[in-house]
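Accompanying notes for the structure given below.
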Amino acid sequence: MTLPVYSPEGMSLLLLAHVAGGTGGIVFGYAAVFLRKGAPMHRACGALFVLSMLIMGLFGAIIGTLRDQPGNIFAGVFVAYLVLTAWAAARRGDGEVGRLETAAMAVAFGMAGLGFWGGVSGSGSAAGPTGSYVFGVVALLAALTDLKVVRRGGLAGTARISRHLWRMCAALFMATGSFFLGQMDEIPAALRGPHLWVLALAPLALLAFWMIRVRLGRSRNPVPAVA
């Protein structure tokens, strides 16, 4: 049963907040990726990225609830989960873990279960059962990494920084993919082109670059702080 939308004006405000959060996330996310890690500007942009993505995810989940769109609810919660756990990985010291990681693990396992259930029942993602199963697998993999962190009592060095990097880049990709590809029909025809694909997929390339650099740097110089 479709949930009632409060009013066209109310929905417009929700959409505006969602889009504003996503736009801020893209701007601050790309800035944080290219700025020197650990520098004050990197930290500031990183904090604004987390805030923007939380706004995007929260309002996206609300809109998905009002419109009876389980896929959007899942995506909104998952992007919030990614940035919060990425932020925690940056803020924790080596070998530290807290309640946030345990709660996040429970959320991720819950989302994995809902993803698989959506695939079985056919009521999950707008992309159909396949999309639901993909969501379920991704959430399950993320939950298993959370379980590893909790059982080990936190991460240190390269492992902790890698956790921060891949979750931040994955969240950024959710924003760029949703905007540049998911909303491509809303972009004026004159502005469309291959560059939109580049902007959308760049976070994945940046993720690969930084993960390789962090891994290689482990045997050379200390990895720069990310928080």
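A few comments on the model shown:
- Condition check for Leu54: buried (at least 18 other Cβ atoms within 10 Å of the Cβ) and either in contact with a strand residue (DSSP E or B) (Cβ under 6 Å, 6 or more places away or on another chain) or over 17 Å from Ala171 (Cβ atoms) (or both): no
- The residues of the range 182-212 that are within 23 Å of Gly60 (Cα to Cα) and either in contact (Cβ under 8 Å) with a residue 12 or more places away in the chain or polar (S, T, N, Q) (or both), listed by number, are Gln183, Met184, Leu196, Trp197, Leu199, Ala200, Leu201, Ala202, Pro203, Leu204.
- Ala108 meets each of the listed conditions (1) surrounded by fewer than 22 Cβ atoms within 10 Å (Cβ to Cβ); (2) in contact with an Asp or Glu (Cβ under 7 Å, 6 or more places away or on another chain) apart from (1).
- Scanning the range 124-143 for residues that are loosely packed, with under 14 Cβ neighbours inside 10 Å and at pLDDT below 90 yields Ala126, Ala127, Gly128, Thr130.
- The set of residues from the range 73-99 being free of Cβ contacts under 8 Å to residues at least 24 places away in the same chain and either surrounded by 15 or more Cβ atoms within 10 Å (Cβ to Cβ) or touching an Asp or Glu at 6+ places or on another chain (Cβ under 8 Å) (or both) comprises Ile73, Gly76, Ala88.
- Verdict on Met53 being over 30 Å from Gly131 (Cβ atoms) and in a helix (DSSP H, G or I): no
- Residue check, Phe179 closer than 19 Å to Phe28 by Cα, free of Cβ contacts under 8 Å to residues at least 60 places away in the same chain and either in contact with a Cys (Cβ under 6 Å, 6 or more places away or on another chain) or not assigned by TED's automatic domain parsing to the domain that holds Phe109 (or both): no
The values are calculated or read from the model by the stated rules, or taken from the named source; none is laboratory data. The structure presented is a predicted model; accordingly, all values stated were derived computationally and were not measured. Cβ coordinates were reconstructed from backbone atoms using ideal geometry, including for glycine residues, and neighbour counts include every protein chain displayed.
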